[in-house]
Amino acid sequence: MSFVTPLSARAEEGWTSLFDGKSLDGWKASENSDSWKVEDGKLVCFGPRSHLFYTGELAPFANFEFKAQVMTTPGSNSGIYIHTEYQEEGWPKQGYEVQVNNTHTDPKKTGGLYGVQDVFDAPAKDNEWFEMHIVVDGKHVTVCVDGKKVVDYTEPAGQPNVGGGFNRVLGKGTLGLQAHDPKSKVFYKDLQVKKLL
């Protein structure tokens, strides 16, 4: 059974797979790279803080749609970064984080733009696959979880940095995934992107 809809079937829609289900080709991890594994067609993050950045030929992304199947385990925290860039260590300074957290103690839950437009009621459950669908079009971001819109955000003109060296400004960049802490185990599969004009 294929981990992803065959590209030939999706080519008409303009979707491209970012993960082959077998390796980390096209991706580069920051510190604690052992926190990332590929198991049975799934990308698994489990271990000390690390971020996995897409470095393949499709990057950078400006206007795009991104879809992924995600599954959290109880008490786990992760995230999907947009318009970010590779850095060797620390929390990514560039771009926005779309939160992945259904039952972790952090009150900011799955689908929210972390610290910008947060979601406080988890729209998904642990130990069940859910679809994360992110659309970035100019200064507008929408996030849907299993087809339900949970974020509809337009970045204000002259968006300032949020302090602490973080540059939360839409423009262009790559995608990143987060391994948050040693107790958090999260699975990703079927990572797909479609560039928009």
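Could you tell me which residue of segment 158-180 is farthest from the chain's Cα centre (by Cα), considering only residues that are in contact (Cβ under 8 Å) with a residue 12 or more places away in the chain and open to solvent by 70 Å² or more (accessible area, probe 1.4 Å)?
Per the stated criteria, the residue is VAL162.
Among what's in segment 114-148 and is among the β-branched types (Val, Ile, Thr) and assigned to a strand (DSSP E or B), pick the residue that is nearest to SER76 (Cα to Cα).
Just the residues of segment 114-148 that are among the β-branched types (Val, Ile, Thr), to begin with: 116, 119, 134-136, 141-143, 145.
Cutting the leftovers down to assigned to a strand (DSSP E or B) gives us 134-136, 141-143, 145.
Numbers: ILE134: 21, VAL135: 24, VAL136: 26, VAL141: 24, THR142: 23, VAL143: 20, VAL145: 17 Å.
Ranking the qualifying residues of segment 114-148, first place goes to VAL145.
Of the conditions (1) part of a loop (DSSP other than H, G, I, E, B); (2) open to solvent by 10 Å² or more (accessible area, probe 1.4 Å); (3) touching a Lys or Arg at 6+ places or on another chain (Cβ under 8 Å), LYS22 satisfies every one except a single condition; which number is it?
So the condition that LYS22 fails would be (3).
Could you run through segment 26-36 and say how many residues are among the hydroxyl-bearing types (Ser, Thr, Tyr) and either open to solvent by less than 30 Å² (accessible area, probe 1.4 Å) or touching a Pro at 6+ places or on another chain (Cβ under 8 Å) (or both)? Give the derivation first.
Going through segment 26-36, the residues among the hydroxyl-bearing types (Ser, Thr, Tyr) turn out to be 30, 33, 35.
Subsequent filtering for residues that are either open to solvent by less than 30 Å² (accessible area, probe 1.4 Å) or touching a Pro at 6+ places or on another chain (Cβ under 8 Å) (or both) retains 30, 35.
Count: 2.
Of the conditions (1) over 14 Å from ARG168 (Cα atoms); (2) open to solvent by less than 10 Å² (accessible area, probe 1.4 Å); (3) hydrophobic (A, V, I, L, M, F, W, C), CYS144 satisfies every one except a single condition; which number is it?
Looking at each condition in turn, CYS144 falls short on (2).
Name every residue in segment 25-56 that is in a strand (DSSP E or B), of a type outside the set (Asp, Glu) and under 18 Å from GLN69 (Cβ atoms), in order of residue number. Working first, answer last.
Here is the first cut: in segment 25-56, the ones in a strand (DSSP E or B) are 27-29, 36-39, 42-46, 50-54.
Next, only the ones that are of a type outside the set (Asp, Glu) stay: 27-29, 36-38, 42-46, 50-54.
Passing the criteria: TRP27, TRP36, LYS37, VAL38, LYS42, LEU43, VAL44, CYS45, PHE46, LEU52, TYR54.
Just to verify a result, which residue in segment 70-86, among those that are β-branched (Val, Ile, Thr) and either surrounded by fewer than 20 Cβ atoms within 10 Å (Cβ to Cβ) or more than 10 Å from GLN178 (Cα to Cα) (or both), is nearest to the chain's Cα centre (by Cα)? Don't jump to the end; show me each part of the working.
Filtering segment 70-86 for residues β-branched (Val, Ile, Thr) gives 70, 72-73, 80, 82, 84.
From what is left, the residues that are either surrounded by fewer than 20 Cβ atoms within 10 Å (Cβ to Cβ) or more than 10 Å from GLN178 (Cα to Cα) (or both) are 70, 72-73, 82, 84.
Numbers: VAL70: 9, THR72: 13, THR73: 16, ILE82: 7, THR84: 10 Å.
Taking the candidates together, the pick is ILE82.
Name every residue in segment 110-124 that is under 21 Å from GLY95 (Cα atoms) and buried (at least 22 other Cβ atoms within 10 Å of the Cβ), in order of residue number.
Correct list: THR110, GLY111, GLY112, LEU113.
Residue under question is LYS183, and the condition is that it be under 20 Å from ASN63 (Cα atoms), open to solvent by 30 Å² or more (accessible area, probe 1.4 Å) and basic (Lys, Arg); does it hold?
On the way: under 20 Å from ASN63 (Cα atoms): no; open to solvent by 30 Å² or more (accessible area, probe 1.4 Å): yes; basic (Lys, Arg): yes.
Against the criterion (under 20 Å from ASN63 (Cα atoms), open to solvent by 30 Å² or more (accessible area, probe 1.4 Å) and basic (Lys, Arg)), LYS183 does not qualify.
Which members of segment 149-173 meet the condition of being out of contact with any Leu (no Cβ under 9 Å at 6 or more places or on another chain) and assigned to a strand (DSSP E or B)?
First, the residues of segment 149-173 that are out of contact with any Leu (no Cβ under 9 Å at 6 or more places or on another chain): 149-150, 152, 154, 156-158, 160-167, 169-173.
Answer for segment 149-173, where residues must be out of contact with any Leu (no Cβ under 9 Å at 6 or more places or on another chain) and assigned to a strand (DSSP E or B): LYS149, VAL150, ASP152, THR154, GLY163, PHE166, ASN167, GLY173.
Mind counting the residues in segment 37-69 that are in contact with a Phe, Trp or Tyr (Cβ under 9 Å, 6 or more places away or on another chain), open to solvent by less than 10 Å² (accessible area, probe 1.4 Å) and among the hydrophobic types (A, V, I, L, M, F, W, C)?
Qualifying residue count for the region: 7.
The values are calculated or read from the model by the stated rules, or taken from the named source; none is laboratory data. A quick note: this is a predicted structure, and the numbers were derived from the prediction, not measured. Methodologically, a virtual Cβ is constructed for each residue, glycine included, from the backbone with ideal geometry; neighbour enumeration extends over all protein chains shown. For the accessible areas, the whole protein counts, side chains as well, though only heavy atoms, and no ligand, DNA or RNA atoms are used. Shrake-Rupley method; radii C 1.70, N 1.55, O 1.52, S 1.80 Å.
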